Amino acid sequence: MDFFIQLLVNGISIGFLYGLSAMGFVMIYKASSVLNFAHGELLAIGAFLFLALVTWAELPVAAAFILTLAGTFVFGFIVERLFLRPLIGEPLIEIIMLTVGLAAMFKGALLLIWGGNLYTYPDLLPEFLAWNWGVVQVPPVYVSAIFMGIVFLLLFGLFFKYSSQGIYMRSVADNQPAALSLGVHVRRVFALSWAIAALVAGISGIILGLINGINVHELSSIGLKVFPVVILGGLDSISGAIIGGIIIGLLETMTGGYLSPSLRDVIPYIALVAILLVRPYGLFGLVEIERV
Amino acid sequence: MNDKILLQINNIGVVYSDVIQVLKGVSLSVPENRIISLLGSNGAGKSTTLKAISGLLKPENGKVTEGSILYDGTEIHNLPPETITRQGIIQVLEGRQPFKYLTIEENLRVGTATRFGKPYKEDLDLVYAYFPVLVKRRKTLAGYCSGGELQMLVIGRALMAHPKLLLLDEPSLGLAPMVVQEIFRIIRRINEEQETTIVLVEQNANMALQIAHYGYVMENGKIVMEGDAAELRENPDVKEFYLGMGATGIAKSYQDVKAYKRRKRWL
């Protein structure tokens, strides 16, 4: 039982991280229908930027964290401006292929600077974050993963539901010609979605780096895991991304704990197929509203 | 018409994808605070004319290749829609085009995009005053509303932007006659109370000429006739081709060969 609860907590916190990074992916997809294959690299960029600020610049953790958030936000903005904006109006497949190219480019740049080695952050999370429930012990990293997941889910939920900018973003995702006719700045919406995506990817990159250490290959391969998560949750649902993330995280840790560690990467995809058979638009994807 | 001209279109040509010429020298002028109606059959170029004004040609790969569009004295053709809408020109697209997954009220809020950050509560009340049916549906997803409600929604959404010039593309499309009448009554009220200049594209010539002050008739990318609305209503050609009456005033029959010959003269 203790083992089960331990796995449960681990699974949920890993799941929150998957969900968080999937959220950025969903954001880009919702605004511009682009599948971003460079998402894993955005994770890695966040993690390495934080590493640089903490170890090289020796900034205090809080300052480094906030600077990383700002940096990844700006980075997303610039990427959109430089690479994606010229392709607006081109066929979607060209834009998606561009993100594949971006992935290779970012990865190459990171390898050039840091190489393929494994780095670790200094011990920077305070002890009081750890939870102790008798036999079940949750290390601070996992607590902060859950905490970040909840905070950002709430923040983005409120942003999209109530703020004008959030509503404009949803309107572009919904009906782009109509949004244009009302003067919604569609290009600004695309840029914002990339900036936010890079930011949340950066956050999950940092926390994953705290858990597993920072390695270019490792972090960018987590970008691939975003696919079962978002397809499970529904490509266009923010809360679906979090819940899809938790399901995949739980399945992974449970399979790893009870069956075999070598199976843990396969089970999520099997579950994915099963769920897609029942709900082809994912668990929380938009059901096409069709008036007859 | 000695009012101030708000919009002046001078002999424009519009080409899609660099090869398909849709407008061939269209000129029209829109005086301030008037309703101008643009009539014509399918494919005559009415919607294209509206899109040329609002800047929505660009996403469809269309371009104004000749002539000019002057709004308030400055050239606006081929500017991006973000710029044009911020000068007070809002187009209501054909076929309603709601944001299906946004609620009615969220749909209306998108209309504030041109003046982001300004208060919009009073505008919401204004729109709900014009379209009371929307009030009880405000929390409903637009995708689940009826055609009539949606047409009111999209006109209301455009009103949220405080337009000086409102371009309406076939607001009567696919609606019940009673609803059409109500919507046209409201369009006239908006014109009178908000002092909004309106360009109205319509197939329903009868309704359109009842509320418009002046009308243009388009065929094959050209203006073929223009005149005061009352004049156009009495014109035998308009009667025959757009109001469904024979030249003599009796309901038209398809067996009438003369209609074809008269029509040919226009092309």
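The values are calculated or read from the model by the stated rules, or taken from the named source; none is laboratory data. A quick note: this is a predicted structure, and the numbers were derived from the prediction, not measured. With ideal geometry, Cβ positions are generated from the backbone for all residues, glycine too; neighbour counts draw on all protein chains shown.
When you check A:Gly205 against the structure, is it more than 14 Å from chain B (Cβ to nearest Cβ), part of a helix (DSSP H, G or I) and either touching a Phe, Trp or Tyr at 6+ places or on another chain (Cβ under 7 Å) or surrounded by 14 or more Cβ atoms within 10 Å (Cβ to Cβ) (or both), yes or no?
Spelling it out, A:Gly205 is indeed more than 14 Å from chain B (Cβ to nearest Cβ), part of a helix (DSSP H, G or I) and either touching a Phe, Trp or Tyr at 6+ places or on another chain (Cβ under 7 Å) or surrounded by 14 or more Cβ atoms within 10 Å (Cβ to Cβ) (or both).
What tally of residues in the range A:220-242 results from selecting those that are more than 30 Å from B:Phe116 (Cβ to Cβ), under 11 Å from the mean Cα position of the chain (by Cα) and not β-branched (Val, Ile, Thr)?
4
Keeping to the range B:195-206, report how many residues are out of contact with any Lys or Arg (no Cβ under 9 Å at 6 or more places or on another chain) and within 20 Å of B:Leu165 (Cα to Cα).
Number of matching residues: 2.
More than 19 Å from the chain's Cα centre (by Cα), β-branched (Val, Ile, Thr) and closer than 20 Å to B:Gly221 by Cβ, is that true of B:Thr65?
Considered against the rule, which asks whether it is more than 19 Å from the chain's Cα centre (by Cα), β-branched (Val, Ile, Thr) and closer than 20 Å to B:Gly221 by Cβ, B:Thr65 comes out as yes.
Having 2 or more residues that are hydrophobic (A, V, I, L, M, F, W, C) and at pLDDT 95 or above is the bar; report the strands (runs of 3 or more DSSP E) wholly within the range B:152-219 that clear it.
Values: elements: B:165-169, B:197-202, B:214-219.
Counting at least 2 such residues, we get B:165-169, B:197-202.
Among the residues in the range A:134-146, are any within 18 Å of A:Ile28 (Cα to Cα) and surrounded by 14 or more Cβ atoms within 10 Å (Cβ to Cβ)?
Within the range A:134-146, not a single residue is within 18 Å of A:Ile28 (Cα to Cα) and surrounded by 14 or more Cβ atoms within 10 Å (Cβ to Cβ).
When you go through (1) in a helix (DSSP H, G or I); (2) surrounded by 13 or more Cβ atoms within 10 Å (Cβ to Cβ); (3) not basic (Lys, Arg) one by one for A:Leu82, which number turns out not to apply?
(2)
Anything in the range B:66-84 that is touching a helix residue (DSSP H, G or I) at 6+ places or on another chain (Cβ under 7 Å) and within 14 Å of chain A (Cβ to nearest Cβ)? List them, or say none.
B:Ile76, B:Pro80, B:Pro81, B:Ile84
Quick one: which of B:Leu200, B:Leu141, B:Leu173 is in contact (Cβ under 8 Å) with a residue 60 or more places away in the chain and either surrounded by fewer than 23 Cβ atoms within 10 Å (Cβ to Cβ) or touching a Cys at 6+ places or on another chain (Cβ under 9 Å) (or both)?
On the way: B:Leu200 fails: either surrounded by fewer than 23 Cβ atoms within 10 Å (Cβ to Cβ) or touching a Cys at 6+ places or on another chain (Cβ under 9 Å) (or both); B:Leu141 fails: in contact (Cβ under 8 Å) with a residue 60 or more places away in the chain.
Testing whether each residue is in contact (Cβ under 8 Å) with a residue 60 or more places away in the chain and either surrounded by fewer than 23 Cβ atoms within 10 Å (Cβ to Cβ) or touching a Cys at 6+ places or on another chain (Cβ under 9 Å) (or both) leaves just B:Leu173.
Quick one: B:Val135 ticks every box in (1) part of a helix (DSSP H, G or I); (2) β-branched (Val, Ile, Thr); (3) closer than 19 Å to B:Asn33 by Cβ except a single one, so which number is it?
It fails just one condition, (3).
Taking the range A:56-77 as the region of interest, how many residues are assigned to a helix (DSSP H, G or I) and either among the acidic types (Asp, Glu) or exposed (fewer than 14 other Cβ atoms within 10 Å of the Cβ) (or both)?
6
With B:Leu56, B:Leu6 as the choices, which residue is within 14 Å of another protein chain (Cβ to nearest Cβ) and surrounded by 15 or more Cβ atoms within 10 Å (Cβ to Cβ)?
Criteria check complete, one pass: B:Leu56.
If you go through the range A:190-202 one residue at a time, how many are under 19 Å from B:Tyr101 (Cβ atoms) and either free of Cβ contacts under 8 Å to residues at least 12 places away in the same chain or crowded, with 24+ Cβ neighbours inside 10 Å (or both)?
1
Name the one entry in B:Lys51, B:Lys63, B:Lys46, B:Lys100 that is surrounded by 16 or more Cβ atoms within 10 Å (Cβ to Cβ), at the interface with chain A (Cβ under 8 Å from one of its Cβ atoms) and more than 15 Å from B:Lys164 (Cα to Cα).
Checking each option against the conditions leaves just B:Lys100.
How many residues are closer than 14 Å to A:Leu35 by Cβ and surrounded by 14 or more Cβ atoms within 10 Å (Cβ to Cβ) when one looks only at the range A:88-110?
Within the range A:88-110, the first condition is being closer than 14 Å to A:Leu35 by Cβ, and the residues that meet it are A:91-103.
Adding the requirement that they be surrounded by 14 or more Cβ atoms within 10 Å (Cβ to Cβ) leaves A:95-96, A:98-99, A:102-103.
Adding up the residues that qualify gives 6.
Only one of (1) surrounded by fewer than 24 Cβ atoms within 10 Å (Cβ to Cβ); (2) farther than 16 Å from A:Trp114 by Cβ is not met by A:Ala52, so which one is it?
A:Ala52 satisfies all of (1) surrounded by fewer than 24 Cβ atoms within 10 Å (Cβ to Cβ); (2) farther than 16 Å from A:Trp114 by Cβ except (2).
Mind listing whichever residues of the range B:116-151 are within 12 Å of chain A (Cβ to nearest Cβ), out of contact with any helix residue (DSSP H, G or I) (no Cβ under 8 Å at 6 or more places or on another chain) and farther than 23 Å from B:Ser172 by Cα?
B:Pro119
Pick from B:Gln87, B:Gln91: which is within 12 Å of another protein chain (Cβ to nearest Cβ) and either buried (at least 24 other Cβ atoms within 10 Å of the Cβ) or more than 20 Å from the chain's Cα centre (by Cα) (or both)? Break it down into steps so the answer makes sense when it comes.
Details: B:Gln87 fails: either buried (at least 24 other Cβ atoms within 10 Å of the Cβ) or more than 20 Å from the chain's Cα centre (by Cα) (or both).
Result: B:Gln91 is the single residue among B:Gln87, B:Gln91 that is within 12 Å of another protein chain (Cβ to nearest Cβ) and either buried (at least 24 other Cβ atoms within 10 Å of the Cβ) or more than 20 Å from the chain's Cα centre (by Cα) (or both).
Please specify each residue of the range A:163-173 satisfying the condition of being without any contact (Cβ under 8 Å) to a residue 40 or more places away in the chain, surrounded by fewer than 23 Cβ atoms within 10 Å (Cβ to Cβ) and facing chain B (nearest Cβ under 7 Å).
A:Ser164
Can you spot a residue in the range A:186-200 that is among the polar types (S, T, N, Q) and within 13 Å of chain B (Cβ to nearest Cβ)?
no
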